[in-house]
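Read the structure below first, then the notes.
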Amino acid sequence: MGKNQIISTFNRFAEMEAKDNSPLYEFWCHRIVQDDFLLDLIEHIPKTQPKPNLFFASVQYLALRSRRPLAHCFLHLEETEFETNFHLLKDFCKENKHELIQLFQTKKVQTNEVQRAAYLYPIFHEIFKRSNKPLTLIEIGTSAGLLLNLDYYQYEIHQSDPIHYGAKGSSLQIHAKNLGDTLIGIDTFEIKNRLGIDLNIIDLKEEDDYYWLQCLIWPEQQQRKENLKKAREIHLNCEKTLLEGDFRKLIPQYIGELNEETQIVIFHTHVANQFPLELKEDLLSMINNLSSKTPIYHVYNNMYDQHLHVDYINSNETTNLKVLKNTDGHGLYFYWN
């Protein structure tokens, strides 16, 4: 990716993602695109990774670990000034260039946004009712697997008539807005199996892995950091299988070994944007082939658009059941239909 593409990427990130969510990162983006040193540094980030996310997370991770002056802006953002912070950022990157490049090559953007469970829960509830079977959840790009625990969280959904669902008394309470059709009658459902697949599994028993996930969260969003802390505590007590490797090999093998009658749900959120076209086609082909033996639900976004899709695939035929348009990437709101 050349400098012009990097500039375009950071401008888009500033306007489409950071704006109204992270004023600091929005400001930094607008200054980074004018700075040749930082643009040259960012060119070291692999093509497969979202460059703004990986750059900012790496800076936050290294700054907090080293306790350099830049760390103060992450810990006490309200006490700092953006222009001063940018000069600290540039000085920090010059002093730690080689350490940052090493992080670019070894770390990945694997945000575990548990807020997305707010709209996944009612989707899985509908699938459970429709199939009348316990669910086998298979998540592609699972990272640490926190969305596989969604029935262990409690939800408060703000709509014309507010609704609560999920695990009553859970230490993690997720709040979201439903701006679409009113949700009603969302009850508990049974999850029989939980499988998460990723090329790089995040192990939340490891402090460094947990710390990296915290640094992927933007500095203004302290509630997301607190949610991650609570989700980690729940995660360590929720039984699941996390496998590292290629989903094209692991999913058919796993499904072939299932010996109980369950409804398989393959899902992934904000992952497929990192897939090349060939891998997307392989994914759909794999699901289609597996459907000749067992019906499968596919819940996904970022394959060909940003909307959240719910497909039912049975005997090589695909039926689109639902599309949630304009769903917030961090799960703060969604439009039910």
Subject >> Separation of the HIS72 and HIS307 label points, Cα + 7 Å toward Cβ, nm >> reply: 5.0
Subject >> Virtual spin-label span in nm between LEU64 and GLN173, 7 Å along Cα→Cβ >> reply: 2.5
Subject >> Gain on full stretching of the segment that runs from GLN34 to ASP282 - 0.36 nm per residue minus C-alpha separation >> reply: 85.3 nm
Original post:
Under a point spin-label approximation (7 Å from Cα along Cα-to-Cβ), what is the ASN316-GLU207 distance to one decimal in nm?
Top reply: 5.6
Original post:
Counting only residues 5 or more places away or on other chains, whose amide H sits under 5 Å from the amide H of GLY196 once H atoms are built in the peptide plane?
Top reply: GLU139, THR241, LEU242, LEU243
**OP:** Express the accessible area of the chain per residue in Å², computed with a 1.4 Å probe while the remaining protein chains stay in the model.
**Re:** 46
Original post:
Between ILE163 and residues 5 or more places away or on another chain, which pairs have amide H atoms under 5 Å apart, with H built 1.01 Å from N, and which residues are they?
Top reply: ILE157
Original post:
ARG232 accessible area, nearest 10 Å², 1.4 Å probe?
Top reply: 40
Original post:
How big is the gap, in Å, between the Cα center of segment 239-313 and the Cα center of segment 144-218?
Top reply: 19
**OP:** Order the following by accessible area, largest value first: THR262, THR80, THR48. Probe radius 1.4 Å; ligands, DNA and RNA are ignored.
**Re:** THR48, THR80, THR262
Subject >> Per-peptide average of other Cβ atoms within 10 Å, ordering 37-43, 287-293, 151-157 highest first >> reply: 151-157, 37-43, 287-293
**OP:** Determine the dipole magnitude for the chain: charges of +1 sit on the beta-carbon of Lys and Arg, -1 on that of Asp and Glu, nothing else is charged, the reference point is the Cα centre, and the result goes in debye to the nearest 20.
**Re:** 200
**OP:** Using the structure shown, select from LYS97/LYS205; LYS47/LYS168; LYS177/LYS230; LYS19/LYS229; LYS129/LYS325 the pairs with a Cα to Cα distance greater than 31 angstrom.
**Re:** LYS47/LYS168
**OP:** Report relative contact order for segment 255-337 in percent, whole number only (criteria: Cα-Cα under 8 Å, sequence separation at least 6).
**Re:** 23
**OP:** Roll a 1.4 angstrom probe over the protein heavy atoms and tell me the percent of accessible area of the chain that is carbon or sulfur.
**Re:** 46
Subject >> Within segment 283-297: backbone nitrogen closer than 20 Å to the GLU260 label point (7 Å, Cα to C-beta) >> reply: 294-297
Original post:
What do you reckon, how do GLU15, GLU207 stack up by accessible area (1.4 Å probe), largest on top?
Top reply: GLU207, GLU15
Subject >> Probe 1.4 Å - accessible area at GLU17, Å² to nearest ten >> reply: 70
Subject >> Directionally averaged projected area (convex hull, Cα atoms, segment 61-212), nm² >> reply: 12.3
Subject >> Relative contact order of the chain, defined on C-alpha pairs under 8 angstrom at six or more residues apart (%) >> reply: 17
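The values are calculated or read from the model by the stated rules, or taken from the named source; none is laboratory data. Because the structure is predicted, anything quoted here is derived from the model rather than measured. Note: ideal-geometry Cβ built from the backbone for every residue, glycine included; neighbour counts use all protein chains shown. In case anyone asks, the SASA skips ligands and DNA or RNA and just uses the protein heavy atoms, side chains included. Shrake-Rupley method; radii C 1.70, N 1.55, O 1.52, S 1.80 Å.
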